[in-house]
Amino acid sequence: MEINKNIIEVELGKLYAIWLREFKVFLREKSRLVASIFTPLMWLFVIGSGLGSVVSNPSALSTVVYSTAGEVGSEIDYQQFIFPGIICMSVIFSSVFFGSYIIWDRKFDFLKSVMVAPVSRTTIFIGKTFGGMTTSIIQAAILLVIGLAIGMHYTPFSIVTIAVIIILLSFALTSLGLTIGSYIESLEGFQLIVSFVVFPLFFLSGALFPLNNLPGWLSILTMVDPATYAVDALRSTILGITGKNPFVVDIGILLVCVIALGTIGMLSFRKMKAV
C-alpha cells in the first residue's frame, strides 16, 4: 500500500511539473495571450455589431429570448446571441492550436528531453492537456468579464456551469490538437490539417446562427461537431434560452467526447517518436 502511494505521489509530481512548465511559458508569452483574445473580440464587436445592425432591425430578422419554460421573454441583440459562441471560438482555437507547440517541443525543447526520461507517456499527455486547458480557461474568463460590457449577467450557479462546460470542451479539443500534433513532424503540415479542423469546428457549431430550421445536410454536420453541444449548453446557461438539446444531453455528449478524444490522445502519445 505504501509503495502504491509513493508511486502515485511521484506521478502526480511529474504531472504537476509538466503543467507548471506550460503555465509559466504561457505567462511569459504575453503576446500569445493578446493575439488569442484579439480575434474573438473582433468577431464579437465587429461582426456582432455589423450583422447585429441588420438582425436587430425590426424590419429584418429579430432574435427573441425564450425561457426554459418556453415563454417569450425580452429581445436580445445579435451580439449577445453570438457571445456564447465566441467563448467557444476562443476555446476551439487555443485548444487545437496548442498541439502545434509539441512539434517544436519534440524537436528542440523541453518535450524532447521528457520523452526519453522515465516518465509515462500518459502522464506527459495529461500534463500537456492540462496546460492547454489552463490557457483556454484563462482566455474564456477574460471574455466572460468583457461580456459584462455588452449586458451579460451571471449568477454563482451559472458561473460554475459555464466553467464545467469550458473545461469539458477544452479537454476534448486540446486532446484533439495534441493527437494531431503527435503524428505530424512539421509546422507546415500541422497548419494545413488544422485549417480543415478548426474552422469547421467553429462554423458548424452554431456559434453564429441558431440551429433550428437548418437544411438537412447542414443539421447532420452540426450534430457531429462536439463544439455544437458546448455552444448550445452555454447559450442556454448564459442567455436563459431553450437550447436545441436538453442541457443534460449536451453535457453527456461532451463527456463522451472527453473520454473518446482523451483515450485516442493517450494511445497516440504512446506511439509518438521521441525525436
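Identify all residues within the stretch 193-215 that are part of a helix (DSSP H, G or I) and not aliphatic (A, V, I, L, M); write none if there are none.
Of the residues in the stretch 193-215, the ones part of a helix (DSSP H, G or I) are 193-195, 198-203.
Once the filter is applied, which keeps residues that are part of a helix (DSSP H, G or I) and not aliphatic (A, V, I, L, M), the stretch 193-215 yields S195, F199, P200, F202, F203.
Scanning the stretch 219-238 for residues that are within 23 Å of Q79 (Cβ to Cβ) and of a type in the set (A, V, I, L, M, F, W, C), which turns out surrounded by the fewest Cβ atoms within 10 Å (Cβ to Cβ)?
I238
Can you tell me which residues in the stretch 190-209 are of a type in the set (F, W, Y) and under 18 Å from I180 (Cβ atoms)? Break it down into steps so the answer makes sense when it comes.
First, the residues of the stretch 190-209 that are of a type in the set (F, W, Y): 190, 196, 199, 202-203, 209.
Selection gives F190, F196, F199, F202.
Among the residues of the stretch 40-51, is there at least one that is closer than 30 Å to P246 by Cα, polar (S, T, N, Q) and modelled with pLDDT under 75?
No, because not a single residue in the stretch 40-51 is closer than 30 Å to P246 by Cα, polar (S, T, N, Q) and modelled with pLDDT under 75.
Inspect all residues belonging to the stretch 52-59 and state whether any of them is of a type outside the set (S, T, Y), modelled with pLDDT of 70 or more and surrounded by 13 or more Cβ atoms within 10 Å (Cβ to Cβ). Give the derivation first.
Narrowing the stretch 52-59 to residues of a type outside the set (S, T, Y): 52, 54-55, 57-58.
If we keep only those that are modelled with pLDDT of 70 or more as well, we get none.
Checked against the condition, which is being of a type outside the set (S, T, Y), modelled with pLDDT of 70 or more and surrounded by 13 or more Cβ atoms within 10 Å (Cβ to Cβ), the stretch 52-59 yields no hits at all.
Could you tell me how many of the residues in the stretch 209-238 are at pLDDT 85 or above and closer than 22 Å to S158 by Cβ?
Residues flagged as at pLDDT 85 or above and closer than 22 Å to S158 by Cβ within the stretch 209-238 amount to 13.
Considering only the stretch 140-167, state which residues are buried (at least 24 other Cβ atoms within 10 Å of the Cβ) and either over 30 Å from Y183 (Cα atoms) or not β-branched (V, I, T) (or both).
A140
Out of the residues in the stretch 112-139 that are polar (S, T, N, Q) and either under 19 Å from F38 (Cβ atoms) or not in a helix (DSSP H, G or I) (or both), which is nearest to the chain's Cα centre (by Cα)?
To start, the set of residues in the stretch 112-139 that are polar (S, T, N, Q) comprises 113, 120, 122-123, 129, 134-136, 139.
Among the residues that remain, those that are also either under 19 Å from F38 (Cβ atoms) or not in a helix (DSSP H, G or I) (or both) are: 120, 135-136, 139.
Details: S120: 26, T135: 10, S136: 6, Q139: 10 Å.
Here the answer is S136.
Among the numbered criteria (1) farther than 19 Å from G240 by Cβ; (2) in contact with a helix residue (DSSP H, G or I) (Cβ under 8 Å, 6 or more places away or on another chain); (3) loosely packed, with under 15 Cβ neighbours inside 10 Å, which single criterion is violated by S136?
It fails just one condition, (3).
Those residues that are in contact (Cβ under 8 Å) with a residue 24 or more places away in the chain, assigned to a helix (DSSP H, G or I) and not small (G, A, S), I need them from the stretch 145-156; list them, please.
If we filter the stretch 145-156 for residues that are in contact (Cβ under 8 Å) with a residue 24 or more places away in the chain, which is where we start, we get 146-147, 150-152, 154.
Checking the rest, the ones that are also assigned to a helix (DSSP H, G or I) come to 146-147, 150.
Passing the criteria: I146, I150.
Can you tell me which residue in the stretch 246-271 is nearest to L176 (Cα to Cα), limited to those that are aliphatic (A, V, I, L, M) and buried (at least 19 other Cβ atoms within 10 Å of the Cβ)?
Initially, the stretch 246-271 is screened for residues aliphatic (A, V, I, L, M), giving 248-249, 251, 253-256, 258-261, 264, 266-267.
With the extra rule that they be buried (at least 19 other Cβ atoms within 10 Å of the Cβ), the set shrinks to 253-254, 258, 261, 266.
Numbers: I253: 16, L254: 13, V258: 10, L261: 6, M266: 10 Å.
Looking at residues that are aliphatic (A, V, I, L, M) and buried (at least 19 other Cβ atoms within 10 Å of the Cβ), I get L261.
Between I142, I165, I241, I159, which is farther than 22 Å from I102 by Cβ, part of a loop (DSSP other than H, G, I, E, B) and among the aliphatic types (A, V, I, L, M)?
I241
Go through the stretch 216-238 and report how many residues are part of a helix (DSSP H, G or I) and over 14 Å from the mean Cα position of the chain (by Cα). It would help to see each step written out before you state the result.
Narrowing the stretch 216-238 to residues part of a helix (DSSP H, G or I): 216-223, 226-238.
Right, trim to over 14 Å from the mean Cα position of the chain (by Cα) and you get 216-223, 235-238.
Total meeting the criteria: 12.
Considering each residue of the stretch 182-196, count those that are at pLDDT 80 or above and not hydrophobic (A, V, I, L, M, F, W, C), and give that number.
Number of matching residues: 2.
Taking S170 and the conditions (1) under 21 Å from V249 (Cβ atoms); (2) surrounded by fewer than 24 Cβ atoms within 10 Å (Cβ to Cβ); (3) touching a residue at least 40 places away in the same chain (Cβ under 8 Å); (4) hydroxyl-bearing (S, T, Y), which numbered condition does it fall short on, given that it satisfies the others?
(2)
The values are calculated or read from the model by the stated rules, or taken from the named source; none is laboratory data. Every value quoted in this text rests on a predicted model; they were computed, and no experiment measured them. Using ideal geometry, Cβ is built from the backbone for each residue, glycine included, and neighbour counts are taken over all protein chains shown.
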